[in-house]
Amino acid sequence: MAAEIAPDRVVWRLSGPDSHSFLQGLVSNDVLGLKAAPGMVWAALLSPQGKYLADFFVIRRPGDPPDVLLVDIPADLAPATLRRLTIYRLRAAVEIAETGFRVLRGLGAPPPGALADPRHPALGWRFWTDQPPPAAEPIDWDALRVEHMVPEYPGELRVDDSYILEAGFERLHGVDFRKGCYVGQEVTARMKHKTELRKGLVRLRIEGAAAPGTPITLPDGREAGILGTRSGGRALAHLRFDRLAGPLAADTARLRAE
């Protein structure tokens with residue numbers, strides 16, 4: 001087993017008879033199935049305009065009661081997301097509390113109680129614990145994400161800017177088009193059924209230095225997109241599909257579509 005603690009995550013507990021229905025009306029994926037059985041769902045919280053505000057895993061661990069859920073979320077997004085959930089809670093019978101758990105993520109044979117990452121099989125499993133982390137060699141998660149085109153905040157997912165369909169949420173099981181209404185659902189459904197995506201997540205070859213967030217430009221200076229996570233000679237980017245052909249640049253780096 002290869003595993004390590006994810007240093008940039010926090011874990012909340014949602015409990016109460018309305019915990020599932022509360023999240024169901026807010027997030028992009030269907031969480032009601034967690035009432036029936038343990039599991040893990042990846043979902044996004046969107047603005048009413050359909051733009052990304054946060055993404056997180058919703059978990060019912062084996063052995064936990066049906067009305068207890070965990071939320072595994074990037075630490076930098078946690079305070080603003082908690083404020084939004086508190087506003088939306090109104091009279092729902094749900095309590096939100098920090099757990100003090102750390103997120104253990106790994107590859108290979110999982111420990112009892114771990115759950116498979118729902119985004120892609122190559123991303124292994126996740127486990128939530130208050131025990132000290134095991135001694136282990138670090139895992140190059142960025143390389144795995146670039147290889148399989150899996151976006152994460154803040155490299156590819158930008159608050160109040162990104163659209164989840166352009167970021168690949170449908171391919172990565174992060175959105176459900178049959179679940180009914182949630183915040184931002186109308187815009188997301190319209191992008192799915194009534195428009196053709198003109199921008200999206202792509203993988204590029206890269207030579208030279210450029211930081212994530214650097215604008216990607218054409219030789220004539222027109223902007224084509226934004227650079228995301230880099231691993232070795234490859235990188236993720238959010239790009240206009242009609243500007244993929246030919247040479248691209250980001251600062252001093254040179255890029256080309258694979």
Matching option when the condition is within 26 Å of G168 (Cα to Cα) and either at pLDDT below 95 or hydrophobic (A, V, I, L, M, F, W, C) (or both), among L14, L69: L69
Residue check, Y88 surrounded by 18 or more Cβ atoms within 10 Å (Cβ to Cβ) and either over 30 Å from P17 (Cα atoms) or out of contact with any His (no Cβ under 6 Å at 6 or more places or on another chain) (or both): no
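Residue-by-condition table, conditions (1) assigned to a loop (DSSP other than H, G, I, E, B); (2) among the small types (G, A, S):
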{"position": "L201", "(1), (2)": "no, no"}
{"position": "R205", "(1), (2)": "no, no"}
{"position": "A224", "(1), (2)": "no, yes"}
{"position": "G228", "(1), (2)": "no, yes"}
{"position": "A235", "(1), (2)": "no, yes"}
{"position": "A245", "(1), (2)": "yes, yes"}
Qualifying residue in region 21-34 (condition: outside any helix (DSSP H, G or I), crowded, with 16+ Cβ neighbours inside 10 Å and of a type in the set (F, W, Y)): no
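I want to confirm something. Restricting to region 159-179 and keeping residues that are without any contact (Cβ under 8 Å) to a residue 40 or more places away in the chain and either farther than 25 Å from G233 by Cα or not small (G, A, S) (or both), which single residue is surrounded by the most Cβ atoms within 10 Å (Cβ to Cβ)?
Taking region 159-179 and keeping what is without any contact (Cβ under 8 Å) to a residue 40 or more places away in the chain, we get 165, 168, 170-171, 177.
With the extra rule that they be either farther than 25 Å from G233 by Cα or not small (G, A, S) (or both), the set shrinks to 165, 170-171, 177.
On the way: L165: 22, E170: 16, R171: 15, F177: 13.
Filtering region 159-179 for residues that are without any contact (Cβ under 8 Å) to a residue 40 or more places away in the chain and either farther than 25 Å from G233 by Cα or not small (G, A, S) (or both), the one surrounded by the most Cβ atoms within 10 Å (Cβ to Cβ) comes out as L165.
Just wondering, is there one or more residues in region 70-79 that are farther than 17 Å from V159 by Cα and either among the acidic types (D, E) or touching a helix residue (DSSP H, G or I) at 6+ places or on another chain (Cβ under 9 Å) (or both)?
Going residue by residue through region 70-79, those that are farther than 17 Å from V159 by Cα are 70-72.
Cutting the leftovers down to either among the acidic types (D, E) or touching a helix residue (DSSP H, G or I) at 6+ places or on another chain (Cβ under 9 Å) (or both) gives us 71-72.
Yes.
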Region 108-149, subset among the hydrophobic types (A, V, I, L, M, F, W, C) and at pLDDT below 95, residue nearest to A257 (Cα to Cα): I139
Matching residues, region 215-251, being closer than 17 Å to E152 by Cβ and among the polar types (S, T, N, Q): T229, S231
Given (1) in the same structural domain as A54 (by TED's automatic domain parsing); (2) surrounded by fewer than 20 Cβ atoms within 10 Å (Cβ to Cβ); (3) at pLDDT 95 or above; (4) in contact with a Leu (Cβ under 9 Å, 6 or more places away or on another chain), number of the condition E186 does not satisfy: (4)
Residue selected from region 247-258 under the condition over 10 Å from L218 (Cα atoms) and not in a strand (DSSP E or B), by the criterion nearest to the chain's Cα centre (by Cα): E258
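Residue by residue through region 25-60, note down the ones that are within 17 Å of the chain's Cα centre (by Cα) and of a type outside the set (A, V, I, L, M, F, W, C).
S28, N29, D30, G39, S47, G50, K51, Y52, D55
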Whichever residue in region 98-141 is surrounded by 16 or more Cβ atoms within 10 Å (Cβ to Cβ) and charged (D, E, K, R) and, among such residues, is nearest to I164 (Cα to Cα): R119
Residue match in region 130-146 (condition: touching a Pro at 6+ places or on another chain (Cβ under 9 Å), farther than 19 Å from A44 by Cα and assigned by TED's automatic domain parsing to the domain that holds K51): no
Failed item, numbered, when A43 is tested on (1) more than 24 Å from P110 (Cα to Cα); (2) touching a Gly at 6+ places or on another chain (Cβ under 7 Å); (3) in a strand (DSSP E or B): (1)
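The values are calculated or read from the model by the stated rules, or taken from the named source; none is laboratory data. What you see is a predicted model, and the numbers here were worked out from it, not measured in a lab. Because the Cβ atoms are built from the backbone with ideal geometry, glycine has one as well, and the counts that use them run over all protein chains shown.
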